[in-house]
Amino acid sequence: MSKDFLATVMIWLTALLISGFFLYLLTDMLIHGLDRLSWAYLLDAPLDAGRSGGIAPIVTATAILVLIAIIVAAPLGLATAVLLTEFTRQKSHFGRFVERSLDVLASVPSIIFGLFGNAFFCLFLGLGFSLLSGGLTLACMALPILIRSAVEGLRSAPDEYRLAAAALGMTRGAALLHLLLPTAAPALAAGLMLGIGRAGAETAALIFTSGYVDRMPESWFDSGRALSVHIYDLAMNVPGGDASAHAAALVLVLLLFTINSIAMGLTRRWQRGRIHSL
Amino acid sequence: MIWSWHNILSLSRTDSILAALLRLCALLSAAIVILILLFLISESWPVLQHVPLSRFISDASWHPAQGLYNIAPMLGATLLSSLGAVLLATPLGIASALFCHYYAPTALAIWHRRTIALLAGIPSVVYGFWGLTTLAPLIGRLHPPGVSLLTGIVVLTMMILPTVALTVDAALAGVPAAYLRGAAALGLTRWSMINGVVLPAARSGIASGIMLAAVRAIGETMAILMVAGNVVQYPDSLFASVRTLTANIALEMAYAMGDHRAALFVTGLALLAMVLLLVGFAEFFKQDAAHV
Amino acid sequence: MKVSMDDTDKNSEAQQSYTLGPLQSGPHCCDPRPLISVTDLSLHYGAKTALENVSLDIYQGCITALIGPSGCGKTSFLSALNRLTDMLPGCHVSGRIRFNDLDVCDPDLDVRLLRRDIGMIFQKPVPFPLSVRRNIELPLREHGMRRQAEIDAVVQQVLQDVGLWDEVKDRLNSPAQALSGGQQQRLCIARALALQPKVLLMDEPCSALDPIASGVVEDLILRLQGRYTVVIVTHNLAQARRIANYAGFLWMRERTGRLIEFGQCRQIFEAPAHALTASYVNGERG
């Protein structure tokens, strides 16, 4: 048997293994999750530490956390990306300093973000265990993802647009607003998607920033339990919570998938709209 | 005349105001990582003041309530589980990337890439939960208790596999087509071409991908917390329960006070140091790649 | 439809009266006055010198062609005239450029005003990823034109000027990038004309087009003569000969672009003073 043949077999087997694992994971989640999943599960409050009842307050808290994270991180990230691509030369010290520190930020483990969020937002800024603390911690985590994809998007916008716009006497700001950002829109949306995905999937950074409380949050200063924290809690601390955890896991995965699809659909429409209207 | 001149005169002003504003935002973004470092240090300061660093590996055990701070077993668990996961995920990830580039028909390659991307998007808590409810019982049948170093390694492998696969995929895409044509012109078999030309040409990219995967493995918390058993000990076999540094923080942070809390921040610093070291290596390989 | 410009005295008010009716050539350039004077212009990219000690005059209402082999700094020269060199990383310009009474190299100069007066057409057509109408409307709005009726009038005007109106009047709202290459280039010219520039810089405007489209654009450039001052970079010697009043020949010496000869187009092609020019225009070199 030749090496070439052996390699071919091994590589196909690996691909098969990965796909097989994916399908196994997916069907496993569906089979166990669909048991408990119902409208009531989505709309009710959890009872008996989550063993029964639903996850309405938890989904709400998750949404608020992600929303805070994106509202804070998206403008900051976009501004940073624009500065890096449009207003600094790639060799400048400031630009390199910013890029380097973002590279480091991107690789900081989520539990470290949890420690930092606890020390900085909860205690130092006095926000306590709250959705705001959790959301801001998530914003720090999502920031490098948003910036990286926005930078990639803007760098891939053709230089001719910048030159042609300048040759027409347009400001850099105008070229950015009307030409470069719309061109980079798919990349921006993809980054936003990834950022939402990262924020929505996060657990470790939230345990000691937004807390465990599973009541319906009334303001962003309330503590709230994210869906991922709920799954963790049910699986580890609540005997007999597996069925609920399975359903919650399915909801989380489906939710992440849906958010991504919506984001993509919105960008497509936005881009089409930009062509005609001012 | 149609032109409004005030608009034109304010040109450089609008652009420079915008630039200043953007600079401020960028400074803020860049400051986060410095803030993180500052707060980790200031929170660990109380214990670092009266406990020398050497005691974190020479104390009798990890009993922070009694002032014993040995994190060595947990450090070992972190390193072992990450090493195992990287050793498993590297060949799988490279094979997966090779499959997409040189083996699969286009449609299948697209489908495979999509699968990898979806795997990358699954939250770590879901991996952990799946490991706890499905994988741990399977391994427990082989050798109890099931929640063990091995389970941790397998789950971590699945989690970092997409990282390896995606970075290697990108590195393979950067291999100049001329190399491949040259190899094909010599009549090499597909595997000799890959082994002799493609992998050497892409080795810097592959190395930096492995480093990034190791960073993920070391920093991973939830999955390993849920499947590794969390006993503070040096593992005597693959089936022993272990507790990693990250899991330790997640478990004890909720009730830690005073020096105990500060000691947890010290473990956080240790984690960060390891990660920064690896990122430095990855950066080194990336620059190496830029020179080739 | 009125064209009110006398040959000798041309001030800015006279320039602005060219807005009605399809494009008509202005007076032929027979009594040339320099509109742009370039003195000792040198251009460096980092340590590399792209262009050294170029001095020439660009005459008002005339077409000036710059010829020479690739890489001898023709495009860099054009970019220096409208300060587009500001956008190029590592680019440094020295020397003097005067446009009307403006010092083009003055760092405090409002480049937006300068670039409105000196339009530029690139080698590859650069329609923005917008509709045909918006391509022209966007720069107009950026320069302070607000009334839609006025904008629509200008859009129609300039599209007629470049002979594109009949081709696109039914699809003003469809993407400009769906137009053919020649149409795209004419749209870019129309977009530049909409700002009522005094000078048009053209960087090989025909070289990315097929022969027929290239012919259409060339005819258009000829019709710009007189009303606009045109500086055109071209590799196509025959084209330079057909359309230009003045020609400058650039050549690489010691890895640096230099202006070898500048003069009336006919003189450059028929009686070049310099041996290098002669061998280049006769196709023996370059």
Cβ-based net charge around B:Thr189, under 15 Å, with every Lys or Arg adding one and every Asp or Glu removing one: +1
Distance-filtered residues of region B:188-226 - backbone nitrogen under 16 Å, label point 7 angstrom along B:Leu108 Cα→Cβ: B:190-191
Residue order for B:Trp111, A:Trp39, B:Trp62 - accessible surface, 1.4 angstrom probe, largest first: A:Trp39, B:Trp111, B:Trp62
Local electrostatic count at A:Cys140 - Lys and Arg +1, Asp and Glu -1, tallied over other residues with Cβ under 12 Å: 0
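Name the chymotrypsin sites (Phe, Trp or Tyr not before Pro) in region B:230-291 that are in a loop by DSSP and that have at most 14 other C-beta atoms within 10 Å, would you? Before the final figure, lay out the partial values.
Working: sites: B:Phe239, B:Tyr255, B:Phe265, B:Phe281, B:Phe284, B:Phe285; in loops: B:Phe239, B:Tyr255.
Filter output for region B:230-291: B:Tyr255.
Could you grab the Rg to Rh ratio for the protein assembly as shown? Cα atoms only, Kirkwood for Rh.
Numbers: Rg = 33.1 Å, Rh = 31.0 Å.
Computed over Cα atoms, the ratio is 1.07.
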Ratio Rg/Rh, restricted to region B:112-187 and using Cα atoms, in which Rh is the Kirkwood radius: 1.24
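Counting helices only, and only those DSSP H runs with n ≥ 4, report the 222 nm mean residue ellipticity of chain B as the sum of -39,500 (n - 2.57) divided by its residues, in deg cm²/dmol to the nearest 500.
Values: 14 runs with 209 residues, N = 292.
Calculated at 222 nm, the ellipticity per residue is -23500 deg cm²/dmol.
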Rounded to 10°, Cα long-axis angle of helix C:132-142 versus longest principal axis of chain C: 80
Cα-based radius of gyration of chain B once divided by 2.2 N^0.38 Å, which approximates compact folds: 1.29
Calculated FRET efficiency for the pair B:His143/B:Trp45, C-beta based, R₀ 25 Å, to 0.05: 0.05
Distance between modelled label sites at C:Lys169 and B:Ala178, nm, 7 Å Cα→Cβ extension: 5.3
Cα centroid of region A:124-142 to Cα centroid of region C:34-63, whole Å: 58
Integer Hz, Karplus 6.51/-1.76/1.60 couplings in order for region B:134-150, x for Gly and Pro: 10, 6, 4, x, 4, 5, x, 5, 5, 6, x, x, x, 6, 7, 4, 4
Scaled radius of gyration (Cα, divided by 2.2 N^0.38 Å) that region B:161-207 gives: 1.16
Region A:67-115 and region C:86-126: distance between their alpha carbon centers, rounded to Å: 33
Cα-Cα over 24 Å, subset of C:Lys74/C:Lys124; C:Lys48/C:Lys124; C:Lys48/C:Lys74; C:Lys124/C:Lys198; B:Lys286/C:Lys48: C:Lys48/C:Lys124; B:Lys286/C:Lys48
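Hey, what did region C:205-278 get for relative contact order, percent, Cα under 8 Å, at least 6 apart?
About 20 percent, as a whole number.
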Relative contact order of chain C, pairs being alpha-carbon contacts under 8 Å that are 6 or more residues apart, as %: 26
Sequence-separation-based contact order of chain B, relative, with Cα cut under 8 Å and 6+ spacing, percent: 26
Buried solvent-accessible surface, both chains (C, A), 1.4 Å probe, Å² to nearest 100: 2300
Coordinate range along principal axes, alpha carbons of chain A, Å, largest first: 68, 68, 40
Residue-averaged 222 nm ellipticity for chain A, from DSSP H runs of 4+ at -39500 (n - 2.57), nearest 500: -24000 deg cm²/dmol
Accessible-area ranking of A:Met10, C:Met252, B:Met222, largest first, probe 1.4 Å: A:Met10, C:Met252, B:Met222
Shielding by partners - mean other protein chain Cβ count within 10 Å, residues of B:105-111: 1
Residue list for region C:47-79, given a label point 7 angstrom along the Cα-to-Cβ vector of C:Ser207 and an amide N cut-off under 20 Å: C:49-52, C:63-79
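How much net charge surrounds A:Gly211 when only other residues with a Cβ under 13 Å from its Cβ are counted (Lys, Arg +1; Asp, Glu -1)?
Charge balance near A:Gly211 sits at -1.
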Modelled FRET efficiency - R0 22 Å, C:Ser94 with A:Glu160, Cβ distances, 0.05 increments: 0.25
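Across peptide A:155-167, what mean number of C-beta atoms from other chains lies inside 10 Å of a residue's C-beta? Intermediate values should be presented prior to the final figure.
On the way: counts 0, 0, 1, 3, 3, 7, 4, 3, 7, 13, 7, 9, 20.
Whole-number average of other-chain Cβ neighbours for A:155-167 is 6.
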Where Rh is the Kirkwood radius over Cα pairs, Rg/Rh for chain C: 0.96
Computed label-point distance, nm, for sites A:Ala56 and B:Ser192 using a 7 Å Cα→Cβ extension: 7.0
Value of [θ]222 nm, deg cm²/dmol, for chain C, DSSP H segments ≥ 4, -39500 (n - 2.57) each, nearest 500: -9500 deg cm²/dmol
Whole-number Å³ per residue for the convex hull built on Cα positions in region A:121-266: 134
FRET efficiency, 1/(1 + (r/R0)^6) with R0 25 Å, evaluated for A:Asn237 and A:Leu30 via beta carbons: 0.50
Highest-MSF residue in chain B out of B:Leu245, B:Leu35, B:Leu88 [GNM, Cα springs under 10 Å]: B:Leu35
HN-Hα J in Hz across region A:217-232 - Karplus 6.51, -1.76, 1.60, θ = phi - 60°, x for Gly and Pro: x, 9, 8, 7, 8, 6, 6, x, 9, 6, 4, 5, 5, 4, 4, 4
Label-point separation in nm, B:Met257 to B:Ala31, each point 7 Å along Cα→Cβ: 3.4
Between helix A:3-36 and chain A: long-axis angle, C-alpha atoms, 0 to 90°, nearest 10: 60
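The values are calculated or read from the model by the stated rules, or taken from the named source; none is laboratory data. Computed from a predicted model, the values in this text were never measured in an experiment. Don't worry about glycine lacking a Cβ; one is built from the backbone with ideal geometry, like all the others, and counts go over all protein chains shown. Note: accessible area is taken over every heavy atom of the protein model, side chains too, but ligands, DNA and RNA are not part of it. Shrake-Rupley method; radii C 1.70, N 1.55, O 1.52, S 1.80 Å.
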